[in-house]
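Engineer: Pasting a structure below so you can have a look.
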Amino acid sequence: MAGNQRPAILIVTHADFGEALLRAAEVIIGRQEGVATLSLAEGESLEGFRDKVGEAIGALDRESGVLVMLDLFGGTPANAAALNLLQPGVECVAGVNLPMLLEVLMKRDRLRVDELATLAVEAGAAGVADVRKALEARTKGG
Amino acid sequence: MAQVVLARIDDRFIHGQVVTKWLQYVGGCDEIFISDHAMRQDAFLQTVMEMAAPPGIKLRVYSLEETIQAFQEMGPEDRRRIMLLLRDPRAALRLIEENVPIQELNVGGMGAGPGRVPLYRNISASQEEISLLQAIQDKGVKVGLRVVPDGDAGTDLASLLKGRR
């Protein structure tokens, strides 16, 4: 297997969230290759958007699979992406946030797409914190 | 008798606006009926919609005929609160003609495309669909166009079409 093989990433969200999220990630870890974003416009149907997600997946380098990252479980971007899960090498995770995206981008050279999906869910949850409580725990523990 | 708490035309069916806003606005429901022939034929699409439905709410995907039959078979002791999601005005008119108890029709999602004219916000319709919506209104069903229940004043078909003349 070629050393530079890594899963491609597609971020599918309501409005321009995915684009902004990717920009934020790039501020922190630098410019990324093999990452695409797709926005759900108002007025798009479920089946119409399913096909657009399919086209966006097809436009990526699919050699090592595609991880599709969605903003809201149960929303149309996630529903439309789920309808593409019958394609081989496609995995979907919902609830994308910056901790999740950063972890995925930093580890994707080393992991298969299904492993990356598992990692994404863990990192997304682990990155959520009440800052005051985190601070207080540190003060008490110190 | 079971109650239709919301009858909505929305070609995204179950999604964020419906689950987060409309469900709360109508005060919850027991079941969601998707009444759509194409979805009835597509088991995978049904599974994805089931996944998107809020926990505790039963989803039933019916053809139009099955929907009509389901309502005909409901007894007076049936107290279910039902949200009815439809793809287009043709489906709505058919159900209304067959006495499915729809007092008011919410038009929330019909996409743009060739031969379709924008009606309100991102809701578009063909000339045929506009005629069908008028036919629904002529049957005494209020037709409102509204994407989400708050932050969107909405409009009704009657004033919309009056404004166009």
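Engineer: Given the criterion surrounded by 14 or more Cβ atoms within 10 Å (Cβ to Cβ), within 14 Å of another protein chain (Cβ to nearest Cβ) and modelled with pLDDT of 95 or more, identify the matching residue among B:39, B:110, B:83. Lay out the reasoning, then the answer.
Structural biologist: Details: B:110 fails: modelled with pLDDT of 95 or more; B:83 fails: within 14 Å of another protein chain (Cβ to nearest Cβ).
Just a single option satisfies the conditions, and that option is B:39.
Engineer: Of everything in region B:51-70, what is more than 14 Å from every other protein chain (Cβ to nearest Cβ) and of a type outside the set (Phe, Trp, Tyr)? Give them in sequence order. Walk me through how you get there before you give the answer.
Structural biologist: As a first pass, look at region B:51-70 and keep what is more than 14 Å from every other protein chain (Cβ to nearest Cβ): B:58, B:60, B:62-70.
Selection gives B:58, B:60, B:63, B:64, B:65, B:66, B:67, B:68, B:69, B:70.
Engineer: While we're here: Here's a check for you: in region A:14-50, which residue that is touching a residue at least 40 places away in the same chain (Cβ under 8 Å) and within 14 Å of another protein chain (Cβ to nearest Cβ) is nearest to residue A:96 (Cα to Cα)?
Structural biologist: Selected residue: A:17.
Engineer: Another question, then. Tally the residues that are small (Gly, Ala, Ser) and in a helix (DSSP H, G or I), restricting the search to region B:140-162. Lay out the reasoning, then the answer.
Structural biologist: Of the residues in region B:140-162, the ones small (Gly, Ala, Ser) are B:140, B:144, B:151, B:153-154, B:158-159.
So of that shortlist, the ones also in a helix (DSSP H, G or I) come out as B:158-159.
Matching residues across region B:140-162 total 2.
Engineer: Which of the residues spanning region B:67-90 are touching a residue at least 60 places away in the same chain (Cβ under 8 Å) and under 21 Å from residue B:11 (Cα atoms)?
Structural biologist: Hits for region B:67-90 are B:82, B:83, B:84, B:85, B:86, B:87, B:88, B:89.
Engineer: Can you tell me which residue is surrounded by the most Cβ atoms within 10 Å (Cβ to Cβ) among those in region A:1-50 that are under 30 Å from residue B:109 (Cβ atoms) and of a type in the set (Asp, Glu)?
Structural biologist: Filtering region A:1-50 for residues that are under 30 Å from residue B:109 (Cβ atoms) and of a type in the set (Asp, Glu), the one surrounded by the most Cβ atoms within 10 Å (Cβ to Cβ) comes out as A:44.
Engineer: Tally the residues that are crowded, with 16+ Cβ neighbours inside 10 Å and in contact with a helix residue (DSSP H, G or I) (Cβ under 9 Å, 6 or more places away or on another chain), restricting the search to region B:138-154.
Structural biologist: Counting residues in region B:138-154 that are crowded, with 16+ Cβ neighbours inside 10 Å and in contact with a helix residue (DSSP H, G or I) (Cβ under 9 Å, 6 or more places away or on another chain) gives 7.
Engineer: Now for a separate question. Having 1 or more residues that are farther than 24 Å from residue B:25 by Cβ is the bar; report the strands (runs of 3 or more DSSP E) wholly within region B:75-139 that clear it. First the steps, then the outcome.
Structural biologist: Working: elements: B:81-86, B:104-109, B:117-120, B:123-125.
Hits in region B:75-139: B:117-120.
Engineer: Residue by residue through region A:110-134, note down the ones that are assigned to a loop (DSSP other than H, G, I, E, B) and at pLDDT 95 or above. Walk me through it before giving the result.
Structural biologist: Filtering region A:110-134 for residues assigned to a loop (DSSP other than H, G, I, E, B) gives A:110-112, A:127-130.
Those that are assigned to a loop (DSSP other than H, G, I, E, B) and at pLDDT 95 or above: A:111, A:112, A:127, A:128, A:129, A:130.
Engineer: Of these, B:31, B:65, which one is surrounded by fewer than 15 Cβ atoms within 10 Å (Cβ to Cβ) and either within 16 Å of the chain's Cα centre (by Cα) or not aromatic (Phe, Trp, Tyr) (or both)? Outline the logic, then answer.
Structural biologist: On the way: B:31 fails: surrounded by fewer than 15 Cβ atoms within 10 Å (Cβ to Cβ).
Answer to the selection: B:65.
Engineer: Taking region B:86-103 on its own, how many of its residues are among the charged types (D, E, K, R), surrounded by fewer than 21 Cβ atoms within 10 Å (Cβ to Cβ) and within 14 Å of residue B:8 (Cβ to Cβ)? Steps first, please.
Structural biologist: Just the residues of region B:86-103 that are among the charged types (D, E, K, R), to begin with: B:87-88, B:90, B:94, B:97-98.
With surrounded by fewer than 21 Cβ atoms within 10 Å (Cβ to Cβ) added as a condition, the list becomes B:88, B:90, B:94, B:97-98.
After this cut, where a residue has to be within 14 Å of residue B:8 (Cβ to Cβ) as well, the list is B:88.
Looking only at that region, the number is 1.
Engineer: I would also like to ask the following. For region A:71-102, give me each residue that is assigned to a helix (DSSP H, G or I) and either within 8 Å of chain B (Cβ to nearest Cβ) or free of Cβ contacts under 8 Å to residues at least 24 places away in the same chain (or both). Write out each step before concluding.
Structural biologist: Narrowing region A:71-102 to residues assigned to a helix (DSSP H, G or I): A:76-82, A:98-102.
Scanning region A:71-102 gives A:76, A:78, A:79, A:82.
The values are calculated or read from the model by the stated rules, or taken from the named source; none is laboratory data. Since the structure is predicted, the reported quantities are computational estimates derived from the model, not experimental observations. Note that we place each Cβ from the backbone using ideal geometry, even for glycine, and neighbour counts take in every protein chain shown.
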